[in-house]
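Novice: Got a structure for you, written out below as structure tokens; questions coming shortly.
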Amino acid sequence: MRNGIFSTMILVLGTAMMMVSCSRDPQALQEEPARADEGTVILTPEQQAQAGLAYGSIEEKMLSSDFPARGKLILPPANHALVTSVSGGIIHDILVVPGQQVSTGQVLAYIKDPELIRLQQDYLEARAALGFQEKEVERQRLLGKEEVNAAKVLQKAESELASLKARTEGLQASLRLAGIDPTSLSQGLTERIPLRSRIPGRVEKIMASLGQHLSVETPVFEIVDARRLYLEMAVFEKDILTVRTGQRVTFDLGSANEKEYEARVLSIGSVVQDEARVVSVLAEFVNEEGLMPGMFAAAKIHAGENLYRALPEEAILTRTDQEQYLFYTLDTPGKGDMTFHRLAVSTGFREDGWAQVECASPLPEGARVVVKGVYYVWAEMEKNAEE
């Protein structure tokens, strides 16, 4: 009796299990989403759209360790010149106006000076006397060969010749300093001294007027050549040991415009200023935008600059300094579900929204790196790990 009841119970239980098994829809089993392995996640097309995913790849980028500096634009010493009068006189003609572009040697003005006439006369007289004395020395040498004249007379003639040569050369130098070519005096005396520009550039200032009497070395014109400028920066002493000549410097002029300019470190000061604890650093650049000396600039010095493998910073998920990841897929976007993989990375230099990256293991060939929507992918991956 008991055996009969037991057999009946087994039969009923087996029948029930078969009924339950058969009642499950095979189609429903097939649509159950697959579970991803740890470190991966599968996203549906709807999830991909919600995440706003975008893809990129690791690129070679010029990155560096940057530190800020403030400074101003200055002129190199050789690009600023004062045109002065080498003698007294009266301004007779002014041939330029402020702001005018001039070239080296261009005549800017003329000065009249009575002393100039006497200087030319003295030169012409000395030159004539020199010519006569040269002939006299030659004559005394011929007489000396015939023993007609004593050696003492020849020596005196040669001494006078040397003295005249020195005087003539001195007067020639004075004339050239005054802007007069001595060879041109064969055509007559000149009444005016030309004032010439020493460098190419623009006339910044005119510091005299017509009819004004000038003393010796009085500044008359200020010429500025702003085609090449220096950026003079103050760098804190804690940063100065990383600065090297030739390093790239970028700077902007704040409210003046929004453009970024580029320069190169030219020289580094050797003294720390006591109060501010800064060192002066000069950078040189070619001025192509009409920038003016005296403008203030906010600069960045790019130390340790080199080409590095890099990603946009938003492509890197940072949990801690030692735990950073990128996410990639080998699937083609727009083809349905996509599988995303996590890969540990370490970062280095960061600049302008890019970060140097080194992968813990090689990135598979053809991988698409997620550069937008990284936190969505990570959140879904965390959900997947908790289930």
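The values are calculated or read from the model by the stated rules, or taken from the named source; none is laboratory data. The shown structure was predicted, so the numbers you read here are calculated from the model rather than taken from an experiment. Note: ideal-geometry Cβ built from the backbone for every residue, glycine included; neighbour counts use all protein chains shown.
Novice: Applying the selection to region 324-349, what residues are small (G, A, S) and either closer than 17 Å to P362 by Cβ or in a strand (DSSP E or B) (or both)?
Specialist: Within region 324-349, A344, S346, G348 qualify.
Novice: Restricted to region 62-77, and to residues that are at pLDDT 90 or above and surrounded by 19 or more Cβ atoms within 10 Å (Cβ to Cβ), which residue is nearest to T250 (Cα to Cα)?
Specialist: Taking the candidates together, the pick is A69.
Novice: Can you find, within region 264-323, the residue that is modelled with the lowest pLDDT among those that are in the same structural domain as V374 (by TED's automatic domain parsing), in a loop (DSSP other than H, G, I, E, B) and not polar (S, T, N, Q)?
Specialist: This residue is D321.
Novice: Could you list, in sequence order, all residues of region 336-347 that are in contact with a Phe, Trp or Tyr (Cβ under 7 Å, 6 or more places away or on another chain) and more than 11 Å from Q48 (Cβ to Cβ)? Quick ask: steps written out before the conclusion?
Specialist: Here is the first cut: in region 336-347, the residues in contact with a Phe, Trp or Tyr (Cβ under 7 Å, 6 or more places away or on another chain) are 340-345.
Within region 336-347, H341, R342, L343, A344, V345 meet the criteria.
Novice: For E169, state whether it is without any contact (Cβ under 8 Å) to a residue 12 or more places away in the chain, part of a helix (DSSP H, G or I) and over 30 Å from G211 (Cα atoms).
Specialist: So E169 passes the test.
Novice: Which residue is nearest to the chain's Cα centre (by Cα), if the candidates are limited to region 197-225 and must be assigned to a loop (DSSP other than H, G, I, E, B) and of a type in the set (D, E, K, R)?
Specialist: Out of the qualifying residues, it is D225.
Novice: Please state which one of R2, R24, R35 is assigned by TED's automatic domain parsing to the domain that holds D337, among the basic types (K, R) and at pLDDT below 75.
Specialist: R35
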